[in-house]
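Novice: Next up is a structure, given as structure tokens.
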Amino acid sequence: MRYGVVASFGSVEQVLGVAVAAEEAGWDGFFTWDGISVGTMDTFDPWALLGAVAVSTSRIRLGAMVFALARRHPWKVAREAITVDHLSGGRLVMPVGLGAVDDGAFRRVSGAPTERRTRAELLDDSLAILDLAWRGEPFSFAGTHHRVEDLVFRPTPVQRPRVPVWVVGAWPSTRSMDRALRWDGVLPQPMGGVGEPVTPQMVTDIRALAAERRADGGAGFDVVVEGVLSERDAAATTRVRELADAGATWWVESRWEGEESRPENVLAHVRRGPPRV
């Protein structure tokens, strides 16, 4: 099991401070988040932040929870990802999903897709374009919504064959999970209701599905679980241990509510080091 943390709130200085502290304290991953206009929250561009994190750290994995590809031009994302991958020496990972429509960049602007089916189609087009772009050879593509002709992207990413992609997968939706299984990892999202936790049994079932449907038998496939692990909660520690035993490969500490989400409290938690389970 690897351990990451999301810098959920704070100034750019505070976010960078969390990234540097996470590396120093032995965490495996640092993540910002991808938003444009979410209520009155202070919001910063993830790619600019990740460029700063890349040159301020040397070991830790970095990404954003999660990139909303449906409202981004995939050819621009391909270039941004290549740049951060090179700045970091090959440490970028890309968690991706349909995007949350409560972001004003979906509901309060013209031309942005809000229907789930449309966002899913755009996600599939975008992922196909990213994969082709990162190969470094001229390519054309005709998808449901995007069309490109004779594009070439150089240099290729440091990481080969591509920057790792983790896809949000609605469990147990066959279509959603099939999409995730085509890439490098999944962030399971239970369909039973908002806030329903990922259980060890879900992880076991996802592992079995990956073993059945992937050419590598699931050996190269990450199962990434987000949540909050309190240092004072023995039951939470046990839950993470059970998730690891079931086959989860990442635990990402994501604090969005209450006092524990304040930047200074996230930083204090990070400085104590990753969970010891």
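Novice: Please report, largest first and rounded to whole Å, the three semi-axes of the ellipsoid equivalent to region 1-112, where each semi-axis is the square root of five times an eigenvalue of the C-alpha gyration tensor. Mind dumping the intermediate values first?
Specialist: Values: eigenvalues 116, 51, 27 Å².
For region 1-112, the ellipsoid semi-axes come out as 24, 16, 12 Å.
Novice: Considering all alpha-carbon pairs of region 127-234, what whole percent are spaced by more than 24 angstrom? If you can, show how the numbers build up before the last one.
Specialist: On the way: 2297 of 5778 pairs.
Of all Cα-Cα distances in region 127-234, 40 percent exceed 24 Å.
Novice: Ignoring ligands, DNA and RNA, what accessible area per residue does the chain give at 1.4 Å, in Å²?
Specialist: 46 Å²
Novice: Moving on to the next point. What Kirkwood radius, in Å to one decimal, follows from the Cα pairs of region 23-83?
Specialist: Numbers: mean 1/r = 0.0786 Å⁻¹.
The Cα-based Kirkwood calculation yields 12.7 Å.
Novice: In whole angstrom, note down how far apart the Cα centers of region 44-112 and region 206-273 are.
Specialist: Going from one Cα centre to the other spans 21 Å.
Novice: Can you give the percent of C-alpha pairs in the chain whose distance is more than 24 Å? Present the calculation step by step, with values, prior to reporting the outcome.
Specialist: Details: 19022 of 38226 pairs.
For the chain, the share of Cα pairs beyond 24 Å comes to 50 percent.
Novice: Calculated from DSSP H runs of 4 or more alone, at -39500 (n - 2.57) each and per residue, what is the 222 nm mean residue ellipticity of the chain, nearest 500? Don't skip to the answer; put the middle values down first.
Specialist: Details: 9 runs with 105 residues, N = 277.
Helix-only estimate at 222 nm: -11500 deg cm²/dmol.
Novice: Only bridges whose two residues both fall in the chain count here: according to DSSP, what percent of them are antiparallel, nearest 5? Mind showing how you got there, number by number?
Specialist: Working: 3 of 32 bridges.
Antiparallel bridges: around 10 percent, rounded to the nearest 5.
The values are calculated or read from the model by the stated rules, or taken from the named source; none is laboratory data. Because the structure is predicted, anything quoted here is derived from the model rather than measured. When the accessible area is computed, the model is the full protein with side chains, heavy atoms only, and any ligands, DNA or RNA have been set aside. Shrake-Rupley method; radii C 1.70, N 1.55, O 1.52, S 1.80 Å.
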